[in-house]
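Here is the structure we will look at.
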Amino acid sequence: MNNILYYGGPILTMADPLYVEAVLIQKGKIVCCGPLEQVEAQADAETQRIDLQGRTLMPSFIDPHGHLSHVADAQAYADLSGCTTMEELGQRLVEWVRQNQVEKGRWVIGRGYDHNDLPGGQHPTAALLDAFLPDHPVLLSHTTGHMGVVNTRGLRELGISSDTPDPAGGHIGRDAQGCLTGYLEENALILRTRQIPRPTTEERLKNLAKAQQLYLSYGITTCQDGKVGAADFDFLCQAAKSGALQLDTVAYADMQNNEELLQEQASYRNYQRNLRLGGYKIFLDGSPQGRTAWMSKPYLGGRPDYRGYPIYTDDAVRQFCETALRNNVQLLAHCNGDAAAEQFIGAYEKALACSRSKNDVRPVMIHAQTVRPEQLERMAKIHMLASFFVAHTYYWGDVHRKNFGDERAMRISPTQTALQAGVLFTFHQDPPVVLPDMWRTVWCAVNRLSKSGAVIGAEERISTLEALKAVTIHAAYQYFEENTKGSIEAGKLADLMIVDKDPLKTDPMDLCNIQVLETIKEGFSLYQKERA
C-alpha cells in the first residue's frame, strides 16, 4: 500500500482548523495534516507526492440513508424517470424489452415513474400496460417505492383479484365499479411483489458493482442498506465474503419480519469486509408526494378529511422502541408525516421513561419531512437525530405546495429550525428514489429552490458549511463512526475525495455543479472521472 502526501490545493478538513496545507496517508489512515513543511518531515522517500494543482481535497461523503441492494437491482429494470406522457412511458418499456430480448411470459419491471409528472397527475393503469406489453406480467414501481402499477397478467400471477381485501397499511386500487385498476399502494405493493422471481446471485453481483460505481462517482464511500430481510442480508454477506463490497455498507434489519437477524448475525455488528449490521428499521407511514404520509391535518384536494394513514398501532411502535432500548440497538424509523413523527417521538419517550438503559443508541427519524418545531424540541431532549430528505424541496417542492398549501410546504425539511432546536441532523437521497447526488442535496439545503424556481421556505436555508457537516461529520456520528470518519484528522481513515472547486468559496447556486474528480477509500483510488 502506497504512502501518499497531498498538497497544492485547498484541503478542507471539516475539523479545526478548517483548512490545512498538506495531509499524509499511511496504510489507509491519515497520519498527520497541517503545514506542508511539518507534514513533509514525517514522509519518507517512498511516499508518493500528489500535487492537487488547485483542486480541493476533502472528506468523502457518507450516505445516512438509502437502499444499496435496491439500487443494485434497479440496474436491471427499465428506467422510467422523467416520463411526462403515458405514450413515452409505454414506448420506453417496449424498447427496453426489445433491447434486453426478454422472453414472452417473463416479468418486466420498470422503475422511477412519477405520477406528478404525468398528465392529470394520474398513475398508469393495468389496461394501459396490457396494451403495450400483452405478453408479459409487468410491474412499474413509483419513484418513491411506496406505490406502483401491475398489469392484468401480473395481478393474476400475484394472486390479486377484485375480491382481494386491502392489507393493513396498504391499498389495492379499484374503479367506481369495483374493478382492479392495477394500482397498489404501500403494503399492498410491498407484500405481494415479494413473489416476483429475483435475478440470480451472479446477475445481482454484476449489478452491485455498477451500483457501487454510481455511489463512488458522487464521492460516497460509506452507504446504507436500510430495512433488509434475511435473503437480502445473505446476498450482502456473499458479496462481502467474495470481496465484491468496495463501500462500507451499514445494513438495518427489517424489525417487523427479521428482528432475529441481529442475534443470528451477531458477528456483523462490527465491520467484516466492509459490511456490518447497524440496527433495526421500521416504516411508520408513506410518502407526502404520493399522499400516503400520515398527517395530523388533512391534505388539500380529494377527500376533505383524508390525512394518509399509519402502518402500525401506537402500542406496536412503543414495543419496537422498548425492544431496541432493551437490546441496546439503534432504531431508524421512516416518518414523513407529522402524525407519524408524533407516534415515533411519543413511543420513544414512553419507552425511554421505562428503560433502565443509559446507553447511547442514537435513534434516527428518517425523512422527518413535516416534523413540527415543538416536536424538534422534544427530539433534542431525547437525543433523537433527524435524517432529512432535503432534496424534496427541489424534486417535489411544487407538489407539496399543492398537497399541503404554502404554510406547511415551506416547512418541509425544517433544517434551520432543527439547528436552532439543537437536533443533530444528516441528509440523504434515499436511493434509488433519486440518484445519490450529495452535491445536489447540499445545493438544496442551501438554496431551497423547487423545479419551478419557487423558494421553498427561505427561513429554513442553512450555510454551505452546515450542509456539508450533515453529509460528513454528522453522518459519521449517526453511524457511531465519528472517531474514524467524517473529517481529515490524524488517526482517521483516508476516506477522501478530490473535487474541482472549494465548496466554501463557491457561489451557492453553483454547488450542484461541483464535480467529483476522484474518490478514495482508505487510501485506494476507487473512482476517477474520465477526462473530456
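A few comments on the model shown:
- Subset of region 11-34 (residues that are closer than 17 Å to residue 498 by Cβ and either charged (D, E, K, R) or open to solvent by 10 Å² or more (accessible area, probe 1.4 Å) (or both)): 14, 19, 20, 21, 33
- Residue within region 454-463 that is over 20 Å from residue 12 (Cα atoms) and either part of a strand (DSSP E or B) or among the basic types (Lys, Arg) (or both) present: yes
- Residue satisfying all of: in region 280-334; of a type outside the set (S, T, N, Q) and part of a strand (DSSP E or B); surrounded by the most Cβ atoms within 10 Å (Cβ to Cβ) among these: 333
- From the list 68, 52, the one residue that fits, being buried (at least 18 other Cβ atoms within 10 Å of the Cβ) and either closer than 24 Å to residue 488 by Cβ or in contact (Cβ under 8 Å) with a residue 60 or more places away in the chain (or both), is 68.
- Considering residues of region 74-99 that are part of a loop (DSSP other than H, G, I, E, B) and hydrophobic (A, V, I, L, M, F, W, C) only, the residue surrounded by the fewest Cβ atoms within 10 Å (Cβ to Cβ): 76
- Lone qualifier among 390, 371, 399 - being closer than 14 Å to residue 451 by Cα, in a loop (DSSP other than H, G, I, E, B) and either in contact (Cβ under 8 Å) with a residue 40 or more places away in the chain or among the hydroxyl-bearing types (Ser, Thr, Tyr) (or both): 390
- Output for region 190-211, where each listed residue is in contact (Cβ under 8 Å) with a residue 24 or more places away in the chain, assigned to a helix (DSSP H, G or I) and in contact with a Phe, Trp or Tyr (Cβ under 9 Å, 6 or more places away or on another chain): 201, 204, 205, 208
- Checklist (1) touching a helix residue (DSSP H, G or I) at 6+ places or on another chain (Cβ under 7 Å); (2) hydrophobic (A, V, I, L, M, F, W, C); (3) within 26 Å of residue 226 (Cβ to Cβ) applied to residue 449, failing item: (3)
- Matching entry among 169, 159 (being surrounded by fewer than 21 Cβ atoms within 10 Å (Cβ to Cβ), closer than 16 Å to residue 290 by Cβ and in contact (Cβ under 8 Å) with a residue 24 or more places away in the chain): 169
- Qualifying residue in region 255-277 (condition: open to solvent by 10 Å² or more (accessible area, probe 1.4 Å), among the aliphatic types (A, V, I, L, M) and closer than 24 Å to residue 71 by Cβ): no
- Only one of the numbered conditions (1) charged (D, E, K, R); (2) under 27 Å from residue 72 (Cα atoms); (3) open to solvent by 60 Å² or more (accessible area, probe 1.4 Å) is violated by residue 174, and that is (2).
- Residues (more than 30 Å from the chain's Cα centre (by Cα) and either buried (at least 19 other Cβ atoms within 10 Å of the Cβ) or not hydrophobic (A, V, I, L, M, F, W, C) (or both)) located in region 1-10: 2, 3, 4, 5, 6, 7, 8, 9
- Qualifying residue in region 391-403 (condition: among the aliphatic types (A, V, I, L, M), farther than 18 Å from residue 469 by Cβ and more than 17 Å from the chain's Cα centre (by Cα)): yes
- Note on region 100-123: among residues that are of a type in the set (S, T, N, Q) and over 18 Å from residue 432 (Cα atoms), the one that is most open to solvent (accessible area, probe 1.4 Å) is 101.
- Tally, over region 471-480, of residues that are of a type in the set (S, T, N, Q) and in a loop (DSSP other than H, G, I, E, B): 1
- Qualifying positions in region 60-110 - within 19 Å of the chain's Cα centre (by Cα), more than 21 Å from residue 196 (Cβ to Cβ) and not polar (S, T, N, Q): 61, 62, 63, 64, 65, 66
- Looking only at region 481-532, and only at residues there that are under 24 Å from the mean Cα position of the chain (by Cα), part of a loop (DSSP other than H, G, I, E, B) and polar (S, T, N, Q), the one that is surrounded by the most Cβ atoms within 10 Å (Cβ to Cβ): 487
- Candidates 345, 311, filtered to the one that is more than 21 Å from residue 64 (Cα to Cα) and β-branched (Val, Ile, Thr): 311
- Identity of the residue in region 211-252, in contact with a helix residue (DSSP H, G or I) (Cβ under 7 Å, 6 or more places away or on another chain) and among the charged types (D, E, K, R), that ends up nearest to residue 517 (Cα to Cα): 225
- Flag for residue 15 being among the aliphatic types (A, V, I, L, M) and touching an Asp or Glu at 6+ places or on another chain (Cβ under 6 Å): yes
- Selection of region 335-356 for residues being free of Cβ contacts under 8 Å to residues at least 12 places away in the same chain and either outside any helix (DSSP H, G or I) or surrounded by 20 or more Cβ atoms within 10 Å (Cβ to Cβ) (or both) yields only 356.
- Residue that is modelled with the highest pLDDT [pool: residues in region 381-435 that are of a type in the set (Val, Ile, Thr), under 20 Å from residue 333 (Cβ atoms) and open to solvent by 10 Å² or more (accessible area, probe 1.4 Å)]: 417
The values are calculated or read from the model by the stated rules, or taken from the named source; none is laboratory data. Since the structure is predicted, the reported quantities are computational estimates derived from the model, not experimental observations. FYI the Cβ positions are ideal-geometry reconstructions off the backbone, even for glycines, and counts take in every protein chain you see. Surface accessibility is based on the protein's heavy atoms, side chains included, excluding ligands, DNA and RNA. Shrake-Rupley method; radii C 1.70, N 1.55, O 1.52, S 1.80 Å.
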